[in-house]
Structure formats: C-alpha cells, structure tokens
1. Just the residues that are part of a helix (DSSP H, G or I), among the small types (Gly, Ala, Ser) and crowded, with 19+ Cβ neighbours inside 10 Å, please, taken from region 40-87.
2. Only one residue in Ala206, Ala226, Ala153 is under 20 Å from Asp104 (Cα atoms) and either surrounded by 20 or more Cβ atoms within 10 Å (Cβ to Cβ) or aliphatic (A, V, I, L, M) (or both). Which one?
3. Six or more apart or on different chains, Cβ atoms under 7 Å: show the pairs whose first residue is in region 209-230 and within 11 Å of Ile132 (Cβ to Cβ) and whose second is among the charged types (D, E, K, R) and buried (at least 21 other Cβ atoms within 10 Å of the Cβ).
4. For region 16-56, which positions are at pLDDT below 50 and either of a type in the set (A, V, I, L, M, F, W, C) or under 30 Å from Ala84 (Cα atoms) (or both)?
Amino acid sequence: MRRTAAPLLALIAVLAAVLAGPVSPARARTAAAPHRPVILVHGYNADPGVWGGLDARLRAAGYTDGEIHRWGYDTHQSVNEVLAGRFAAYVDDVRRRTGADTVDIVAHSYGSLPTRWYLKYGGGTATVAHWISLGGPNHGTSVAWACALWDQACRDMTPGSWVQKRLAEGDETPGAVAYTTFWSGCDEVINPDDSVPLTGADNRPAGCLDHNALLGDETVGRDVLAALTG
C-alpha cells in the first residue's frame, strides 16, 4: 500500500495545481506585499463620508476593506487636549486589528492639525510612514477668526494661536515620516502661500481648486496614491 500511495498523492497534487490555474502577477504581489493601512481624516464640519472619491481610487489600485480606515471625530474639539490623544488611540487600534507596524495618513483641512500633533508630540513618528495634507491650515487661517469666539477648533486654527506656535516650533516635519502637502492657489478657506506648505515636506501645488475640491480632484487623487505607494 505504501508503494502506491506516494504516486497517488503526487498525482492529486498535480491535478489540484492544474485546476487552481496559474497565479496572476497582481495576485502574487497582493499576497506578498499588502498595502500599508491608510487612515483618512476629514476636516472641520465634515464627516468620513467626504472620502468617497479617494476611497474608490484606492480600491481601484488594489486596497482592500481592511486597508482603508476613516477616522470620524467631533471637529469642534481641541487639537492637543482631546483630538490628538483620540487619534493616537485610533492608530493603535488599527495597528492591532491589521497587525501592521506603521500606517499612512491622508488628512484634509483641520484634520491636518491633530494628526500633526500626534506626530510631533504623541510618538507618531514611530507608527506613521506617510503623512499627506490636503489644504491643511498648517500655519493657521484668518477665516477661523469668524468662529474663534465660541469654538475651540477655530481658536486652534487662528494664525499665531498656542497650537500653531507649538506645531511650528523646531522641526515642522520630525522623524523619518514622508510628509507631503497639497495646496490650491484658489483655496477660499486656507491661504495657500503661507499656511499649507511645511519646511521639510514635499509641497505640491494642485492648481486652481476650491478648498473641498481637493478631496475629489482626479489629479490630486492620482498624486496622493503615488505618494502613498512610491
């Protein structure tokens, strides 16, 4: 019986391989090198639903449900006292659920501030590989004065605020993280020339786009994907 079992088992193995068919190069790459989890962080007075366009682009590039995460939060709360800590906990949860050592971040507008605080003061440089900001008020925006009287988030976004000064201290792009910003010359919310770009980042002009158009613009989306996977 033992003499006939070995050839039989070998034949079964060959048949199984033939029936399974050849493994496509794309499938082999996915199995060998899954994408790093990407966390999408919306801006002020928004919610995770704003990421439909970029989400679709990521999925078309092969990202799976388990690799795309959208952080939702109360956009009227303090950058440093509340949101940065909650974001840190969210990153830890994503890493625990996915088994990934590091994550990537794409933030729009106000979402750039708590994620930057996490990088600069919350240990995020050890857990983040890429940080991308779309129209972030990285040095404040004068528009925020309109709601600063009653809204802490607006106060944090005003030029020269305590949060802005702390984020600008020393190295604006600490650690080995790859920092990228996108700014529009037609942004009606953020002054692109002196607010969005960061020293040490790859600061990219996005043409003439409204503030929220940065979220769904095809060229910006393509360049964001390239920055994440490059």
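1. Taking region 40-87 as the starting set, the residues that turn out to be part of a helix (DSSP H, G or I) are 48-60, 65-67, 79-87.
Now drop any that are not among the small types (Gly, Ala, Ser), which leaves 49, 52-53, 56, 60, 66, 84-85.
Once the filter is applied, which keeps residues that are part of a helix (DSSP H, G or I), among the small types (Gly, Ala, Ser) and crowded, with 19+ Cβ neighbours inside 10 Å, region 40-87 yields only Ala84.
2. Every option except Ala226 fails the conditions.
3. Leu228/Asp104
4. Scanning region 16-56 gives Ala16, Ala17, Val18, Leu19, Ala20, Val23, Ala26, Ala28, Ala31, Ala32.
The values are calculated or read from the model by the stated rules, or taken from the named source; none is laboratory data. Note that the structure is a prediction, hence the values are computed from the model and not measured. Here Cβ is always computed from backbone atoms with ideal geometry, including for glycine, and neighbour counts include all displayed protein chains.
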